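Following: one structure in structure tokens, then a few remarks.
The values are calculated or read from the model by the stated rules, or taken from the named source; none is laboratory data. Everything numeric here is computed off the predicted structure, so don't read it as measured data. No Cβ is skipped: glycine too gets one built from the backbone with ideal geometry, and neighbour counts run over all protein chains shown.
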Amino acid sequence: MILEHAILPVRPGEEAAFEAAMAQARPLISTQPGFVSISVQRSLETPNEYLLLVVWESVEAHTEGFRRSPEYETWRALLHRFYDPFPVVEHFVEVL
């Protein structure tokens, strides 16, 4: 299993609109081959920052599957306009 991690810096004042867009976008990712789970958490200390955690069966399920799918284009249209700056996405593998 692979854990995708990103801190999502949402433009201040756009949090409610972002959360509504994420609710729309969630089904787009959850139906992808190799998708396991998704979690989106809002920071208490920095309310315009969100933690995105997605579990995939493999890195390729994310990078070659979802990111090359038509659903990703809709995901991008719904969500990417909220970020400033654009988030860094990293993949992690469990070691312990």
Can you run down the residue pairs with Cβ atoms below 6 Å, 6 or more apart or on separate chains, where the first is in the range 12-36 and at positive phi and at pLDDT 95 or above and the partner is aliphatic (A, V, I, L, M) and crowded, with 18+ Cβ neighbours inside 10 Å? G34/A61
Filter the range 46-63 for residues that are touching a strand residue (DSSP E or B) at 6+ places or on another chain (Cβ under 6 Å) and free of Cβ contacts under 8 Å to residues at least 40 places away in the same chain and give the result. N48
Considering residues that are over 12 Å from the mean Cα position of the chain (by Cα) and surrounded by 12 or more Cβ atoms within 10 Å (Cβ to Cβ), the number found within the range 2-17 is 6
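Which ones in the range 59-96 are among the hydrophobic types (A, V, I, L, M, F, W, C) and not in a helix (DSSP H, G or I)? Can you show your working first?
Start the filter on the range 59-96 by keeping residues that are among the hydrophobic types (A, V, I, L, M, F, W, C), which leaves 59, 61, 66, 75, 77-79, 82, 86, 88-89, 92-93, 95-96.
Passing the criteria: F86, V88, V89, F92, V93, V95, L96.
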What's the total number of residues in the range 34-45 that are surrounded by 12 or more Cβ atoms within 10 Å (Cβ to Cβ) and out of contact with any strand residue (DSSP E or B) (no Cβ under 6 Å at 6 or more places or on another chain)? 1
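Being in contact (Cβ under 8 Å) with a residue 24 or more places away in the chain, farther than 15 Å from L28 by Cα and surrounded by 13 or more Cβ atoms within 10 Å (Cβ to Cβ) is the filter here, so list the residues in the range 64-91 that pass it. Working first, answer last.
First pass over the range 64-91, keeping only residues in contact (Cβ under 8 Å) with a residue 24 or more places away in the chain: 65-66, 69, 71-72, 74-75, 78-79, 82-85, 87-91.
Restricting the remaining residues to those that are farther than 15 Å from L28 by Cα gives 82-85, 87-91.
Passing the criteria: F82, Y83, P87, V89, H91.
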Flagged in the range 18-50 as under 13 Å from the mean Cα position of the chain (by Cα), more than 16 Å from T74 (Cα to Cα) and of a type in the set (G, A, S), in numbering order, are S37, S39
